[in-house]
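Values in this text are rule-based calculations from the coordinates and carry no lab data. Predicted model only: the values in this text are computed from it and were never measured. Neighbour counts are summed over all protein chains in view; Cβ atoms, including those assigned to glycine, are modelled from backbone coordinates with ideal geometry.
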Amino acid sequence: MDPSRRRQLRESLGADAVRHSWADLLATHRTPLLVLDPDAVAAAYRRLSAELTGFGLHYAVKALPHPAALAVIASCGGGFDVATSGEVDQVRALGVPMHRCIHTHPVKKPADIDHAYRAGVRTFVVDNPVEAQKFSGRSGDIEVLVRLAFPNPTAKSDLSTKFGVEPADAELVVKHVLDSGVGFAGFSFHVGSQGSSVHPYRVALQSTLELCDHVDRTLGVRAHTIDIGGGFPVSYRDPMPGVDRIADVVHEALGERRGQFRLLAEPGRFLAAGAMTLLTSVVGTATRGGKVWHYLDDGLYGSYSNVLTEDVHPPILALREVSDTSSAALDDLKPVTLAGPTCDSVDVVARDYPMPPLTVGDIVVSPLMGAYTTVTSSRFNGIAPTPVVVSNAGGGAWTD
Ligand SMILES: Cc1ncc(COP(=O)(O)O)c(C=O)c1O
């Protein structure tokens, strides 16, 4: 991690420590602990809406389905991207009008379609003829997006390897949607999650616009919706393209044609990542092969599951660095190994990672732990899920 990034994080986390009374939380709760700040979700939502003007934002529930996060999105006026019957239920439990949801899983059981439809969802996604045929005989008020595949080698998760039809083969899928008797809405894509280039958005949009013209010519059907999916990256340890740059590319690629379409996006990580901060503590310290190892009470099978499943590397700082930026120890950073609490040797959160001197009981902090963390964690080794404390910054906190 770049030293200037570390300095920036020390300052912002120092402010968070005061705002969310980490000292009080740590006195009441044990570590590991995730502190969820719904205001951060609202701020990210406002930022993305201000950039992606004219787009309906459908929060990808999979990133962080915590009710406090979902409630904030709902109160901001946002919609939801749900992909399973369980996610349908999570949103429905909040009392959110379900027409605000789109069902984006390109492959699902008929029972999942039934469940979502009964809940009030009307927009679905398919990417192959077999899936399109599952809509045959269903209500005419359903509309279907055809998901396109655009490879993105710069993404941490290139979703095009698993989902989406090649643009050259998309016409056949559209035909099957029309044959099934439901409405054809248009096209969706996902350029891959946590990509380091804005270019894939341009390529995907240009190709999608060409395809809209193509199906208009060949099948006489107008696409009225374009859904640009998610993928908006987060600067964890290193800087990533900002949403302003992505929005510039998107607006430029759409040009004067933007008025022809209902425009949607499905942001997950960008809205959720900043919502949670992990407080974990040093359980043990050892020297192995001449290197210093610190063992934490959370790891790859717990909240740091994003390291394992996505190869995403959140910043890690000592609490001392963020609460006392005047300390002389701040510049005394030495490379250490930070390991998780399980017996598996894979459970190493960071290697050769610069940290100030740490001893047993010291608190270690990771910001940007809201997306794809708790959702992909396990109970391996009998370790309980890390509790989430919701902090409303103003007047106290409540736990799950
Ligand atoms: C269909 C779909 N939409 C949206 C998202 C959210 O992507 P991100 O978190 O990169 O914004 C995902 C993530 O897997 C997805 O599969």
Between 0 and 90°, nearest 10: helix 3-19 axis offset from the chain longest Cα axis: 90 degrees
Listed highest first by mean packing, meaning other Cβ atoms within 10 Å per residue, what order do 374-381, 61-68 come in? 61-68, 374-381
Amide H neighbours of LEU296 at under 5 Å, excluding residues fewer than 5 places away on the same chain, with H built from the backbone geometry, are VAL283, ALA339, GLY340
Does anyone have the angle between helix 170-180 and the longest principal axis of the chain? Alpha-carbon axes, 0 to 90°, nearest 10? 70 degrees
Helix 38-51: angle to the longest alpha-carbon principal axis of the chain, degrees 0 to 90, nearest 10? 50 degrees
Between SER345 and VAL360, with labels modelled 7 Å along Cα→Cβ, what's the label distance in nm to one decimal, could you check? 2.5 nm
Hey, for a label at LYS109 modelled as a point 7 Å past Cα toward Cβ, could you say which residues of the stretch 122-151 have their backbone N under 14 Å away? none
In nm, give the distance between the simple-model label positions of LYS162 and SER12, each being 7 Å from the Cα along the Cα-to-Cβ direction. 2.8 nm
Straight-line reach only, C-alpha to C-alpha below 22 angstrom: list the lysines that LYS134 could link to, leaving out same-chain residues fewer than 8 apart. LYS108, LYS109, LYS162, LYS175
Given 0.36 nm per residue, what is the gain on full extension from ARG379 to ALA27 after removing their alpha carbon distance, in nm? 124.2 nm
Relative to the present Cα-Cα distance, how much length would full extension add between ASP141 and VAL292 at 0.36 nm per residue of separation? 48.2 nm
Mind checking the full-extension length gain between ASP248 and THR154? Use 0.36 nm per residue of separation minus the Cα-Cα distance, one decimal, nm. 31.9 nm
Using Cα centres only, tell me the gap between the stretch 72-93 and the stretch 96-117 in whole Å. 11 Å
Please give the residues of the stretch 138-177, grouped as numeric ranges, whose backbone N is less than 20 Å from a label point set 7 Å along the Cα-to-Cβ vector of HIS99. 139-145
Diffusion constant of the chain at 10 °C, which comes from Stokes-Einstein with the Kirkwood Cα-pair radius and 1.306 mPa s, µm²/s: 71 µm²/s
Distant-in-sequence amide H partners of THR225 (H built 1.01 Å from N, under 5 Å): GLY186, PHE187, ARG262
Most packed first (mean Cβ within 10 Å per residue), the peptides 101-110, 14-23 order as 101-110, 14-23
Enumerate the amide H contacts of ALA318 below 5 Å, restricted to partners 5 or more residues apart or on another chain; note that Pro and chain-start residues carry no placed amide H. VAL365
Under the 7 Å Cα-to-Cβ spin-label approximation, ASP179 and ASP39 lie apart by a distance in nanometres of 5.6 nm
Normalised contact order of the chain, rounded percent, pairs of Cα under 8 Å and 6 or more residues apart: 20 percent
In whole Å, largest first, the alpha carbons of the stretch 39-272 cover along the principal axes 47, 38, 31
